[in-house]
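The values are calculated or read from the model by the stated rules, or taken from the named source; none is laboratory data. Worth saying up front: this structure is predicted, and the values here are computed from it rather than measured. Note: ideal-geometry Cβ built from the backbone for every residue, glycine included; neighbour counts use all protein chains shown. Please note that ligands, DNA and RNA were not included when accessible areas were found on the heavy atoms of the full protein model with its side chains. Shrake-Rupley method; radii C 1.70, N 1.55, O 1.52, S 1.80 Å.
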Amino acid sequence: MFDCIIVGAGPAGGTAAYHLAKQGHSVVVLEKEVLPRYKPCGGGVSPIVAEWFDFDFSPAISVKADVIRYTWNMEDPVKVQLETKEPIWMVRRDIFDHFIIQQAQKQGAELRDSTEVTGIEFKSDHWQVNTANGAVAGRYVIAADGAKGPMAKLLGFKERKRRFAGALEVETPAPAGNSPVIHFEFGMVKNGYIWNFPKADGYSIGIGTFKGGEGQDFKKILTEYSNKMFGVDINTNKQYGHPLCLWDGEQKLHTQNAVLAGEAACVVDPFTAEGIRPSMFSGLKAFEAIHQALSGDRNALEKYTEVMNNEWGADMKWAQRIAGAFYQFPKIGYKVGVKMPRATNTMAKILSGDLRYSDVAGKAVKRLSSGLIPGFGG
């Protein structure tokens, strides 16, 4: 009988596992893939996450980048030097996710990878999680199995507020001596953007839409961008399509002895599509809730829902409003918003936790919607 069963070995599951095990709780992490496993993701992480742990993340960081370059239809470029305390981390998810799980294992957590969940049932005072490799019993469950995982449905979360976004990504080699510059392209794709996140040995190039609308030929657009901007033929590399589960409103994230975390809880930022930091935040809060529940707090899981809705969801309301306005007027947003260095550094402060969307969103939405100065240009 484990104190907690965590389903999913991503950033949310790994974060919760580490902290629960460090507090002396018996924890098992169930992961359907074999670790380390490839995960399509740009891999940009705010260094603020280091404050939530007591170990050094350096082995899991591919490169650090403090320069961002924007383009509109591959033209009108602008380069911005970040003024943050530390550059943005560029990580490969197979290495990053596995690294956190390894730290959890050092604290006593057990990993069972290549173990897919097939069903779940509550037995008077604990959960029995059925897998292809047998049943596992635990007093509490954290469902952190991602946007497409079955756990939310198995736990009875029938109607969730979520908005699916689509993305296509490819990992490619980079020219020798490639500098760590983060690239964003607006204009070629509607209701989203293209990115190129540098890694030590290549690029992570992707395209995504975050608002919905008519279908677009992601492969064609990404092929043109990669060829013209970087001399890279993405068709010589494997491409990965994947969904993103964007935040789309406050909702209940707990049930009998169980909580949702990570993309299963729909925590992805609806404006930037940032997912790693919010997933780790939810994993941290899920740990706190389960730890308190194991200590006898009967309202701990209900408090988890309140904390996530108040500390994360409240600000995502503003992110959603900014997204709606920005993607409605993207050209205006680019010319008098994105191109202003102050805008990028304000965004960086939001990603690092020094600012919240609510601090800047009111003025931003009003000006963008009126067609004047959008976003964070102020």
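Quick look at the numbers
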{"quantity": "Where a residue in region 115-139 is over 17 Å from Glu33 (Cα atoms) and its partner, wherever it lies, is charged (D, E, K, R) and surrounded by 12 or more Cβ atoms within 10 Å (Cβ to Cβ), with Cβ under 6 Å and at least six apart", "calculated": "His126/Arg139; Arg139/Asp3"}
{"quantity": "Residue that is modelled with the highest pLDDT, among those in region 153-183 that are surrounded by fewer than 17 Cβ atoms within 10 Å (Cβ to Cβ) and within 18 Å of the chain's Cα centre (by Cα)", "calculated": "Phe164"}
{"quantity": "Close pairs (6 angstrom Cβ cut-off, 6 or more residues apart or separate chains): closer than 16 Å to Gly353 by Cβ and modelled with pLDDT under 90 in region 78-90, open to solvent by 40 Å² or more (accessible area, probe 1.4 Å) and not in a strand (DSSP E or B) anywhere", "calculated": "Leu82/Asp66"}
{"quantity": "Unmet requirement for Lys190, which otherwise passes all of (1) surrounded by fewer than 22 Cβ atoms within 10 Å (Cβ to Cβ); (2) assigned to a helix (DSSP H, G or I)", "calculated": "(2)"}
{"quantity": "Hey, Gly353 within 29 Å of Gly149 (Cα to Cα), part of a loop (DSSP other than H, G, I, E, B), open to solvent by less than 60 Å² (accessible area, probe 1.4 Å) and at pLDDT below 95 or not", "calculated": "yes"}
{"quantity": "Test: residue in region 278-292 that is touching a Cys at 6+ places or on another chain (Cβ under 7 Å) and either assigned to a helix (DSSP H, G or I) or not aliphatic (A, V, I, L, M) (or both)", "calculated": "yes"}
{"quantity": "Residue list for region 261-303, restricted to those being over 22 Å from the mean Cα position of the chain (by Cα), of a type in the set (A, V, I, L, M), surrounded by fewer than 22 Cβ atoms within 10 Å (Cβ to Cβ) and farther than 18 Å from Gln251 by Cα", "calculated": "Leu294"}
{"quantity": "Subset of region 356-366 that is open to solvent by less than 70 Å² (accessible area, probe 1.4 Å) and not small (Gly, Ala, Ser) - its residue that is modelled with the highest pLDDT", "calculated": "Tyr357"}
{"quantity": "Hits in region 323-350 (condition: part of a loop (DSSP other than H, G, I, E, B) and at pLDDT 80 or above)", "calculated": "Phe329, Lys339"}
{"quantity": "Residue in region 228-235 that is free of Cβ contacts under 8 Å to residues at least 24 places away in the same chain, more than 17 Å from Met316 (Cβ to Cβ) and open to solvent by 40 Å² or more (accessible area, probe 1.4 Å) present", "calculated": "yes"}
{"quantity": "Subset of region 149-172 (residues that are in a strand (DSSP E or B), out of contact with any Cys (no Cβ under 8 Å at 6 or more places or on another chain) and not small (Gly, Ala, Ser))", "calculated": "Leu168, Val170, Glu171, Thr172"}
{"quantity": "All positions within region 1-60 that are in contact (Cβ under 8 Å) with a residue 60 or more places away in the chain, open to solvent by less than 20 Å² (accessible area, probe 1.4 Å) and part of a helix (DSSP H, G or I)", "calculated": "Pro11, Ala12, Gly13, Gly14, Thr15, Ala16, Ala17, Tyr18, Leu20, Ala21, Val49"}
{"quantity": "Spans of strands (runs of 3 or more DSSP E) in region 62-120 with at least 2 residues surrounded by fewer than 20 Cβ atoms within 10 Å (Cβ to Cβ)", "calculated": "63-65, 67-72, 75-81, 110-112"}
{"quantity": "Pairs where the first residue, in region 154-180, is at positive phi and the second is open to solvent by 30 Å² or more (accessible area, probe 1.4 Å), C-beta under 9 Å, 6+ apart", "calculated": "Gly156/Thr255; Gly156/Gln256"}
{"quantity": "Residues (closer than 26 Å to Ala323 by Cβ and of a type outside the set (Gly, Ala, Ser)) located in region 147-179", "calculated": "Lys148, Phe157, Glu159, Arg160, Lys161, Arg162, Arg163, Phe164, Leu168, Glu169, Val170"}
{"quantity": "Considering residues of region 304-313 that are touching a residue at least 12 places away in the same chain (Cβ under 8 Å) and of a type in the set (S, T, N, Q) only, the residue surrounded by the fewest Cβ atoms within 10 Å (Cβ to Cβ)", "calculated": "Asn309"}
{"quantity": "Checklist (1) at pLDDT 95 or above; (2) farther than 24 Å from Met340 by Cβ; (3) of a type in the set (Ser, Thr, Tyr) applied to Thr71, failing item", "calculated": "(2)"}
{"quantity": "Whichever residue in region 209-237 is in a loop (DSSP other than H, G, I, E, B) and at pLDDT 90 or above and, among such residues, is nearest to Arg162 (Cα to Cα)", "calculated": "Asp217"}
